[in-house]
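Okay, structure first, notes after.
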Amino acid sequence: MVAGRYLRARRKEAFISVIAGLTMVGVAIGVATLIVVMSVMNGFRAELLTKILGLNGHFTAYPIEREFTDYKETVAALEQIDGVSFAVYFVEGQVLASGRGSSTGVTVRGMDEENLKKLDLLYNAAEQGGWDQWDETKGIAIGYRLAQTLGVSLGDQVQIINPDGAMTPFGSTPQIRSYPVNVIFDLGMVEFDSFFMYMPLEPAQDYFKMFEEVLRPGMGPLDPMATDEEIDAAYERINQATAAEIFIDDPDNTTVMRQRLQADPSARPLVLTDWQQRNETFFSALQVERVVMFTILSMIILVAAFNIISSLIMLVKDKSSDIAVLRTMGATRGAIMRIFSITGTTIGVVGTLTGVVLGLIVAANAEPLRAFVSNTLGVAIFPPEVFFLSSLPSKTDPMEVTVVVCLALGLSFLATLYPAWRAAQYDPVEALRYE
């Protein structure tokens, strides 16, 4: 009751109440800022993880010892392993893509329609065109940012140049071919939308020379005078793949899954690299940044806690005569401490709850708020060219919110101990003598 009376403003105590109110606002801002920043960083990590692992598998399997001609059988065997969701095979190479007056380096990945359907993120990202009869189209699929860079649209021709072309007496000549744009996709991630080009599997195998000509079974030595038709009939073409991507049920369970994938002695030799190895530096930097940001922003709450100390000390000075009267009426030192501890803790509790509500609202509407501020100020906030994503992601973690709330309440309570202890040490005789 007494603590509540001290919190309510009266005319002669307005200054102290204003300081208490500002302290409460400081706690709320600190808590809200922590929740919003941690939610955005969680969303940033989750979105990057989803985009990266939506196209690139949790494991990439590269062939060793012999060419990857048995890619279909290998992928089928990998999908039978417990814990493997699915696997896909592909052909990959680096080329120079040229459109209407502009050129850029891109990564070409050849995949058939059966494997594309397994990649929901890519298959559902087609903005223009579609994947129907993909294997028969002999066209390409590019991201919308790459289409803007090359200045092409659906149906236009894109010329791709591979320096590893045909061998001549003067050396290797570049291989130049043109393909129509059949699909333009939008994955929402700058890296994939700007630098990836997809092609049906067989045209990609042909373009990158991912095949070998071998004599058909039962064919003997060819006649030196054999015609071109007889030579073509005697040989068969065996296609190859570059590697296979393996998607597992639990992306964090890479250690156990690696052992399972390598346990079958009858399986063909493969070198496995997991997503944590490929992106170790990137995600480690994100984790360090999260810890540093949490530590730095916690200082806001710490500053607010010091404001609680200063406002309570001023309140104790102002209420010295009240403390003396309470002591002469029989109030113990513990009772005096509880009064001022409750007063300061109430400031912290109200500020924390306000900050939680404000932080959750802002975190849930991070992208609309970013777009509004960006349009109002005319400044690109969170540019996708820098942050890889086309929107501001946000993902609130209940455990982190709990940690922030406990931190704010703990600091608020600790901030009340010294002023409350000083109040409890007042000598009623001395206080009343100088009143």
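The values are calculated or read from the model by the stated rules, or taken from the named source; none is laboratory data. Computed from a predicted structure; not experimentally measured. Ideal geometry is used to build each Cβ from the backbone, glycine not excepted, and the neighbour counts take in all protein chains shown. Surface areas here come from the heavy atoms of the whole protein model, side chains and all, with no ligands, DNA or RNA. Shrake-Rupley method; radii C 1.70, N 1.55, O 1.52, S 1.80 Å.
A few notes on this one:
- Residue match in segment 135-154 (condition: in a loop (DSSP other than H, G, I, E, B) and without any contact (Cβ under 8 Å) to a residue 24 or more places away in the chain): no
- Exactly one residue among GLY359, GLY330 is outside any helix (DSSP H, G or I) and either under 30 Å from TRP421 (Cα atoms) or small (Gly, Ala, Ser) (or both), and that residue is GLY330.
- Test: GLY151 is within 23 Å of TYR207 (Cα to Cα), of a type outside the set (A, V, I, L, M) and under 30 Å from the mean Cα position of the chain (by Cα): no
- Only one of LEU377, LEU360 that is of a type outside the set (Ser, Thr, Tyr), modelled with pLDDT of 90 or more and either more than 24 Å from PHE185 (Cβ to Cβ) or open to solvent by 80 Å² or more (accessible area, probe 1.4 Å) (or both): LEU360
- Selection count where residues are closer than 23 Å to ASP186 by Cβ, buried (at least 16 other Cβ atoms within 10 Å of the Cβ) and small (Gly, Ala, Ser), scope segment 73-125: 5
- Scan of segment 35-49 for residues that are in contact with a helix residue (DSSP H, G or I) (Cβ under 9 Å, 6 or more places away or on another chain) and of a type outside the set (Gly, Ala, Ser), ordered by number: ILE35, VAL36, VAL37, MET38, VAL40, MET41, ASN42, PHE44, ARG45, LEU48, LEU49
- Boolean, SER310 is among the polar types (S, T, N, Q), within 30 Å of VAL429 (Cα to Cα), open to solvent by 40 Å² or more (accessible area, probe 1.4 Å) and touching a residue at least 40 places away in the same chain (Cβ under 8 Å): yes
- If you go through segment 226-251 and keep only what is modelled with pLDDT of 85 or more and within 20 Å of MET199 (Cβ to Cβ), you end up with GLN240, ALA241, THR242, ALA243, ALA244, GLU245.
- Odd one out for THR50 among (1) hydroxyl-bearing (Ser, Thr, Tyr); (2) modelled with pLDDT under 85; (3) open to solvent by less than 10 Å² (accessible area, probe 1.4 Å): (3)
- There is at least one residue in segment 333-346 that is in a helix (DSSP H, G or I), more than 37 Å from the chain's Cα centre (by Cα) and without any contact (Cβ under 8 Å) to a residue 24 or more places away in the chain.
- Options THR396, THR354; residue that is at pLDDT 90 or above and either within 22 Å of the chain's Cα centre (by Cα) or β-branched (Val, Ile, Thr) (or both): THR354
- Looking only at segment 15-66, and only at residues there that are small (Gly, Ala, Ser) and without any contact (Cβ under 8 Å) to a residue 60 or more places away in the chain, the one that is nearest to ALA304 (Cα to Cα): GLY21
Residues are listed down the side, and each one gets a yes or a no for (1) surrounded by fewer than 16 Cβ atoms within 10 Å (Cβ to Cβ); (2) in a helix (DSSP H, G or I); (3) within 28 Å of the chain's Cα centre (by Cα):
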{"residue": "ALA241", "(1), (2), (3)": "no, no, no"}
{"residue": "ALA244", "(1), (2), (3)": "no, no, yes"}
{"residue": "ASP250", "(1), (2), (3)": "yes, no, yes"}
{"residue": "GLN259", "(1), (2), (3)": "yes, yes, yes"}
{"residue": "ALA267", "(1), (2), (3)": "yes, no, no"}
{"residue": "GLN276", "(1), (2), (3)": "yes, yes, yes"}
{"residue": "ALA285", "(1), (2), (3)": "yes, yes, yes"}
